[in-house]
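Student: Could you have a look at this structure, given as structure tokens, before my questions?
The values are calculated or read from the model by the stated rules, or taken from the named source; none is laboratory data. Only a predicted model underlies this, so the values are computations on that prediction, with no experimental measurement involved. All Cβ positions, glycine included, derive from the backbone under ideal geometry; neighbour counts span all protein chains shown. Calculation scope for accessible area: heavy atoms of the full protein, side chains included, ligands and nucleic acids excluded. Shrake-Rupley method; radii C 1.70, N 1.55, O 1.52, S 1.80 Å.
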Amino acid sequence: MTPGPLADGFGREHRDLRISLTDRCSLRCTYCMPAEGVPWLPGPSMLGTDELVRIARVGVGLGLSEIRLTGGEPLLRPDVVDVVARLAALDGPNGRPEISMTTNALRLPALASPLREAGLARVNVSLDTLDRDRFARLTRRDRLPATLAGIAAAAAAGFAPVKLNAVVMRGVNDDEVVDLVRFAVAHGYEMRFIEQMPLDPGHTWDRGEMVTQAEILERLGKAFRLTEVGDRGAAPAERWVVDDGPATVGVIASVTAPFCGSCDRLRLTADGQLRSCLFARTETDLRTLLREGADDAALEAAFRTCVAGKKAGHGIGEPGFRQPDRPMSAIGG
Ligand code: SAM
């Protein structure tokens with residue numbers, strides 16, 4: 001085994017693993033999935049919980065210190081509370097991993113408290129609009145009240161601050177950025193806006209049409225006094241204090257201000273493929289290794305090979321860029 005941190009050829013030390021617990025989802029957001037859904041991964045190809053925890057244990061042993069659970073919709077995994085408890089109990093050279101989750105919140109009224117007790121530290125919820133009709137069009141499900149109930153349940157269970165994520169889309173919800181911040185500030189949540197990335201099912205993404213960080217800040221700047229918060233480390237969001245604070249707003253400008261230079265993230269798909277980037281064209285097949293009886297040293301070597309192959313940047317906008325073959329729901333956002 002090569003000792004030392006999980007570093008790539010550009011000196012980036014990897015600390016963060018995003019695990020997709022399932023590719024299934026209870027919503028059909030237009031920018032993520034087609035109306036009819038996508039062909040789901042076949043059951044036997046999905047990692048079982050022992051397999052998933054073993055991969056995470058090896059990663060934590062290599063210095064990973066943050067695990068974010070995502071999907072699809074992670075709360076659709078029937079044993080999600082058990083998964084959290086088992087991941088939170090792992091230990092490695094950088095201590096126990098911090099476990100967080102990105103969710104649509106629909107199952108949080110039932111699960112927020114058990115998840116917190118199991119060791120979940122932080123919750124991010126996708127909320128693209130506060131308008132019920134718009135929400136129904138955008139997600140193809142009339143579930144805004146249920147989403148808001150889930151967000152409130154997360155706060156009531158003690159998650160603080162609950163972060164809210166909105167993908168900003170021209171002519172869809174770009175007129176709502178100020179209202180979303182007002183809503184978040186009023187409830188003690190933290191609002192974060194995401195530049196739309198070329199991951200849509202129809203491959204219709206157009207950089208010229210995309211709502212940029214600069215536009216988002218221009219709109220917000222007319223309603224609030226924004227003061228930049230300094231060093232963001234490896235975090236994807238750049239943040240600003242809203243008026244006199246303490247509320248902040250973040251923008252994840254993956255396209256116009258990519259943060260690949262400080263990226264410390266790896267992704268594990270629900271079917272056991274390790275990816276060094278959302279936009280990677282190659283994957284490392286940990287599932288087959290596991291099922292062929294690989295020992296931990298072989299899994300560690302596979303982690304290192306994946307990290308060693310990481311490119312300098314995601315390449316969006318560069319000649320020859322192609323969207324990943326898998327949809328976002330199958331990679332894990
Ligand atoms: N179902 C969960 C949820 O709704 O948050 C987790 C999975 S979802 C794929 C994770 C995040 O990816 C969400 O915040 C979503 O808005 C974001 N996302 C999906 N497609 C995107 C795209 N094309 N560009 C930017 N963000 C996207």
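Student: Could you please give the count of residues in region 4-24 that are part of a loop (DSSP other than H, G, I, E, B), within 16 Å of the ligand (Cβ to nearest atom) and modelled with pLDDT of 95 or more?
Tutor: Looking only at that region, the number is 2.
Student: Let me ask another. Filter region 209-235 for residues that are of a type in the set (D, E, K, R), open to solvent by less than 70 Å² (accessible area, probe 1.4 Å) and closer than 17 Å to Val185 by Cα and give the result.
Tutor: none
Student: Output the residue which, of all residues in region 181-208 that are open to solvent by 60 Å² or more (accessible area, probe 1.4 Å) and of a type in the set (A, V, I, L, M), is nearest to the chain's Cα centre (by Cα).
Tutor: Going through the qualifying residues, I end up with Val185.
Student: Output yes when any residue across region 190-211 is farther than 23 Å from Ile316 by Cβ and within 13 Å of the ligand (Cβ to nearest atom), and no when none is.
Tutor: yes
Student: Could you tell me which of the residues Arg86, Arg68, Arg96 is open to solvent by 50 Å² or more (accessible area, probe 1.4 Å) and closer than 21 Å to Glu13 by Cα?
Tutor: Exactly one residue qualifies, and that residue is Arg96.
Student: Follow-up question, since we're still on this one. Do you know which residues across region 288-324 are within 17 Å of Arg267 (Cβ to Cβ) and within 15 Å of the ligand (Cβ to nearest atom)?
Tutor: His314, Ile316, Gln323, Pro324, listed by residue number.
Student: Right, another one. Using beta carbons and a limit of 8 Å, which pairs, at least six apart or on different chains, have the first residue in region 106-126 and on the phi < 0 side of the Ramachandran plot and among the small types (Gly, Ala, Ser) and the second one part of a helix (DSSP H, G or I) and open to solvent by less than 10 Å² (accessible area, probe 1.4 Å)?
Tutor: That search, which allows pairs on different chains as well, returns Ala112/Gly150; Ala112/Ala154; Ala118/Val84.
Student: Next up: Checking Val211 against (1) out of contact with any strand residue (DSSP E or B) (no Cβ under 8 Å at 6 or more places or on another chain); (2) in a loop (DSSP other than H, G, I, E, B), which single condition isn't satisfied?
Tutor: Answer for Val211: the failing condition is (1).
Student: Quick one: Arg57 ticks every box in (1) basic (Lys, Arg); (2) in contact with a Pro (Cβ under 8 Å, 6 or more places away or on another chain); (3) outside any loop (DSSP other than H, G, I, E, B) except a single one, so which number is it?
Tutor: (2)
Student: Do we have Asp23 as under 21 Å from Leu286 (Cβ atoms), of a type in the set (D, E, K, R) and touching a residue at least 60 places away in the same chain (Cβ under 8 Å) here?
Tutor: yes
Student: Continuing with the same structure: Where the second residue is open to solvent by 40 Å² or more (accessible area, probe 1.4 Å) and β-branched (Val, Ile, Thr) and the first is closer than 30 Å to Leu226 by Cα and lies in region 192-203, which pairs have Cβ atoms under 7 Å and are six or more apart or on separate chains?
Tutor: Glu195/Thr256
Student: Kindly indicate the residue of region 158-179 that is more than 19 Å from Gly221 (Cα to Cα) and not in a strand (DSSP E or B) and also farthest from the ligand (Cβ to nearest atom) among those meeting that condition.
Tutor: Gly158
Student: Let me ask another. Pick from Pro74, Pro34, Pro93: which is farther than 19 Å from Ser329 by Cα and touching a residue at least 12 places away in the same chain (Cβ under 8 Å)?
Tutor: Selected residue: Pro93, the only one of Pro74, Pro34, Pro93 that is farther than 19 Å from Ser329 by Cα and touching a residue at least 12 places away in the same chain (Cβ under 8 Å).
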